[in-house]
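Worksheet for the structure shown next.
The values are calculated or read from the model by the stated rules, or taken from the named source; none is laboratory data. Computed from a predicted structure; not experimentally measured. With ideal geometry, Cβ positions are generated from the backbone for all residues, glycine too; neighbour counts draw on all protein chains shown.
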Amino acid sequence: MTIVLSGEENEGNWIQPEQPSGFFYLKSIVEQLLVSLNIEGFQVSPLQTAEYEYGSLIHRGPLEMVRYGAVNLDYFPDADIRSKVFFADFEWDVIMKMIRTQADIRPVSKYPVVERDLALIVSHSVTFQEVEKEIERIGRGVIKSISLFDVYENEQQLGEGKRSYGIKMVFSDPSKTLSDKEVDKKVSKILEGLQDKYGIYLR
């Protein structure tokens, strides 16, 4: 099974301009599909193959489940394509064996979540997966989710070998309502940890 995206994500109108298809739109489709199949416990690693400019590999240990990312059109010189192409390739035989037919039912927390958005300056050598893992380690117990919503590169503004990650963190405590002060304190610890380990700082 494969998914191919190119061109515009939507047609646009007088309120909302056209939105080109992109990596994060494809990422959301891939992840939603796995969630709908009740598949959990997988890892995400950077995809480093000649066929892709950049991308991610979803796997469980050595078992590869999905490869997805931006196609390296230079690798396919005979393809008469001028726009960006994003491609996901599913190892369906592997995925079928991982589908759980019975879902775990978890109670919905009665306490509200708190969101924080950060723009982080990182080196090109640092992947989002590494950042995500460190945030999860420091925020264990109150981090509900971490998502990457933007990647920005501009050497003049950010410096050589740097990029900006736009990251959304969702905090929740199953036993109480988190105060802004508690969340801000945890965010400060996360930033300190990222700075110490990867030299990451706020944009």
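Okay, here's what the table says:
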read-out: In region 48-98, the residues that are among the acidic types (Asp, Glu), in a strand (DSSP E or B) and touching a strand residue (DSSP E or B) at 6+ places or on another chain (Cβ under 6 Å); value: Glu53, Asp89
read-out: Residue count for region 136-190, restricted to those that are within 17 Å of Val113 (Cβ to Cβ), touching an Asp or Glu at 6+ places or on another chain (Cβ under 7 Å) and not aliphatic (A, V, I, L, M); value: 1
read-out: Residue satisfying all of: in region 6-53; of a type outside the set (S, T, N, Q), modelled with pLDDT of 85 or more and farther than 24 Å from Ile99 by Cα; surrounded by the fewest Cβ atoms within 10 Å (Cβ to Cβ) among these; value: Ala50
read-out: Subset of region 158-203 [surrounded by 14 or more Cβ atoms within 10 Å (Cβ to Cβ) and among the hydrophobic types (A, V, I, L, M, F, W, C)]; value: Leu158, Ile167, Met169, Val170, Phe171, Leu178, Val183, Val187, Ile190, Leu191, Leu194, Ile200
read-out: Some residue of region 113-121 being assigned to a loop (DSSP other than H, G, I, E, B), surrounded by fewer than 11 Cβ atoms within 10 Å (Cβ to Cβ) and either at pLDDT below 90 or of a type in the set (Gly, Ala, Ser) (or both); value: no
read-out: Which listed residue is aliphatic (A, V, I, L, M), in contact (Cβ under 8 Å) with a residue 12 or more places away in the chain and outside the structural domain of Glu155 (by TED's automatic domain parsing), from Val131, Val35, Val44, Val122; value: Val44
read-out: Residues of region 31-64 classified as among the hydrophobic types (A, V, I, L, M, F, W, C) and more than 16 Å from the chain's Cα centre (by Cα), total; value: 4
